[in-house]
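What follows draws every value from the coordinates through simple rules; no lab data is involved. As the structure is a prediction and not an experimental result, all values here were calculated from the model. Note that each Cβ is placed from the backbone with ideal geometry, even for glycine, and that neighbours are counted across all protein chains shown.
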Amino acid sequence: MSCTVCTNAVVYIQANPFETYSQVNSYLKNDCKSYGSYSKQCEHILNTYLPQIYDEAHHPWQTANDICNGDLKLCSDNK
């Protein structure tokens with residue numbers, strides 16, 4: 001779940017590079033509703049990691065894999 005949320009966040013930010021942090025946060029928190037019973041977990045992941053995801057996703061050389069798996073370890077088996 002954390003990997004999906006992170007990856008979706010990176011993809012969205014990189015597709016919308018001129019949106020402010022507040023706009024991105026609002027969009028992604030609204031998107032958490034699509035996770036149904038996991039929506040609170042989605043929101044927790046965003047509350048914890050979105051500032052770093054937002055910063056790193058603005059570096060064009062960073063991929064979702066670099067950020068979510070490499071730096072944040074959100075795609076590892078123990079998350």
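Annotation for the stretch 1-73: trypsin sites (Lys or Arg not before Pro) lying in DSSP loop with at most 16 further Cβ atoms inside 10 Å of their Cβ are 73. Charge dipole of the chain (Cα centre as origin; +1 on each Lys and Arg Cβ, -1 on each Asp and Glu Cβ, all else neutral): 280 debye, rounded to the nearest 20. Within the chain, which chymotrypsin sites (Phe, Trp or Tyr not before Pro) sit in a loop by DSSP and count at most 14 neighbouring Cβ atoms inside 10 Å? Within the chain, the qualifying chymotrypsin sites (Phe, Trp or Tyr not before Pro) (loop, at most 14 other Cβ atoms within 10 Å) are 18, 61. Within the chain, the ratio Rg/Rh, alpha carbon atoms throughout and Rh by Kirkwood, equals 0.94.
Model label points for residue 35 and residue 52, set 7 angstrom from Cα along the Cα-to-Cβ axis, are 1.6 nm apart.
Counting alpha carbon pairs within less than 8 Å and at least 6 residues apart, what relative contact order, in whole percent, applies to the chain?
44
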